[in-house]
Amino acid sequence: MSIISRVITFDNPAFNAYVTYGSVLVLKMMIMAPLTVKQRLTRGVPISPEDSNVYKGKQLRKSHEDVDRVRRAHLNDLENIPIFFLVAFAYLLTDPDPTTALNLFRVFTLARFIHTFVYAIVVVPQPARGLAWVTGFLITGYMAVKAICHFKTF
């Protein structure tokens with residue numbers, strides 16, 4: 001049996017965790033778009049001038065800190081979560097201990113939710129956001145190093 005057919009199966013708890021937490025992360029990123037729209041409508045910040053008619057009777061602004069925060073949190077997700085998907089899949093191919101993989105995926109997902117929460121929902125002073133970000137960063141780095149060591153071809 002090849003490694004791929006052994007790892008990429010729903011009989012593998014690590015693969016199930018990857019699919020589950022990956023799906024949760026996709027939904028989390030999708031929620032950021034309506035959250036941005038809500039902030040734009042609430043704060044009177046249209047994305048484009050032709051959208052101004054949606055804000056009838058509201059004073060329009062070019063920007064607002066609340067809108068910018070949600071956008072930056074979403075951008076941070078777009079910078080970190082796709083890399084996680086790629087590296088986590090490579091990590092899966094090393095046939096890791098399922099409990100370790102589950103906990104890495106779980107903690108990464110929790111860290112991304114905390115990052116967004118303390119950055120865009122309820123603003124909490126540093127180091128809360130930085131700690132959440134570095135947690136995900138270290139997990140991604142750990143999985144990358146494990147994959148490199150396992151598959152090294154140089």
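The values are calculated or read from the model by the stated rules, or taken from the named source; none is laboratory data. Keep in mind the model is a prediction, meaning the values are calculated, not measured. When we count neighbours, we look across all protein chains shown, and the Cβ atoms used for this are built from the backbone with ideal geometry, even at glycine.
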Out of (1) assigned to a loop (DSSP other than H, G, I, E, B); (2) closer than 24 Å to residue 117 by Cα; (3) in contact with a Lys or Arg (Cβ under 8 Å, 6 or more places away or on another chain); (4) not aromatic (Phe, Trp, Tyr), the one residue 66 does not meet is (1)
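Residues checked against (1) of a type in the set (A, V, I, L, M, F, W, C); (2) part of a loop (DSSP other than H, G, I, E, B); (3) at pLDDT 95 or above:
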{"site": "76", "(1), (2), (3)": "no, no, yes"}
{"site": "85", "(1), (2), (3)": "yes, no, yes"}
{"site": "89", "(1), (2), (3)": "yes, no, yes"}
{"site": "103", "(1), (2), (3)": "no, no, yes"}
{"site": "115", "(1), (2), (3)": "no, no, yes"}
{"site": "140", "(1), (2), (3)": "no, no, yes"}
{"site": "143", "(1), (2), (3)": "yes, no, yes"}
{"site": "148", "(1), (2), (3)": "yes, no, yes"}
{"site": "153", "(1), (2), (3)": "no, yes, no"}
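Regarding the range 38-46, can at least one residue be identified that is without any contact (Cβ under 8 Å) to a residue 12 or more places away in the chain, out of contact with any strand residue (DSSP E or B) (no Cβ under 8 Å at 6 or more places or on another chain) and either more than 30 Å from residue 136 (Cα to Cα) or among the basic types (Lys, Arg) (or both)?
Initial filter on the range 38-46 (without any contact (Cβ under 8 Å) to a residue 12 or more places away in the chain): 38.
So of that shortlist, the ones also out of contact with any strand residue (DSSP E or B) (no Cβ under 8 Å at 6 or more places or on another chain) come out as 38.
The next check asks that each one be either more than 30 Å from residue 136 (Cα to Cα) or among the basic types (Lys, Arg) (or both); those that pass are 38.
Yes; the residues of the range 38-46 include at least one that is without any contact (Cβ under 8 Å) to a residue 12 or more places away in the chain, out of contact with any strand residue (DSSP E or B) (no Cβ under 8 Å at 6 or more places or on another chain) and either more than 30 Å from residue 136 (Cα to Cα) or among the basic types (Lys, Arg) (or both).
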Of the conditions (1) within 19 Å of the chain's Cα centre (by Cα); (2) more than 14 Å from residue 116 (Cα to Cα); (3) surrounded by 12 or more Cβ atoms within 10 Å (Cβ to Cβ), the single one that residue 23 does not satisfy is (3)
Selection from the range 58-82 of residues under 17 Å from residue 21 (Cα atoms), surrounded by 14 or more Cβ atoms within 10 Å (Cβ to Cβ) and free of Cβ contacts under 8 Å to residues at least 60 places away in the same chain yields 77, 81
Does the range 75-84 contain any residue that is under 21 Å from residue 107 (Cα atoms) and β-branched (Val, Ile, Thr)?
yes
Restricting attention to the range 5-19, the residues that are of a type outside the set (Phe, Trp, Tyr) and either free of Cβ contacts under 8 Å to residues at least 24 places away in the same chain or loosely packed, with under 11 Cβ neighbours inside 10 Å (or both) number exactly 5
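Within the range 42-90, track down each residue that is small (Gly, Ala, Ser) and in contact with a helix residue (DSSP H, G or I) (Cβ under 7 Å, 6 or more places away or on another chain). Walk me through it before giving the result.
The first filter runs over the range 42-90 and keeps only residues small (Gly, Ala, Ser), leaving 44, 48, 52, 57, 63, 73, 88, 90.
Of everything in the range 42-90, those that are small (Gly, Ala, Ser) and in contact with a helix residue (DSSP H, G or I) (Cβ under 7 Å, 6 or more places away or on another chain) turn out to be 44, 73, 88, 90.
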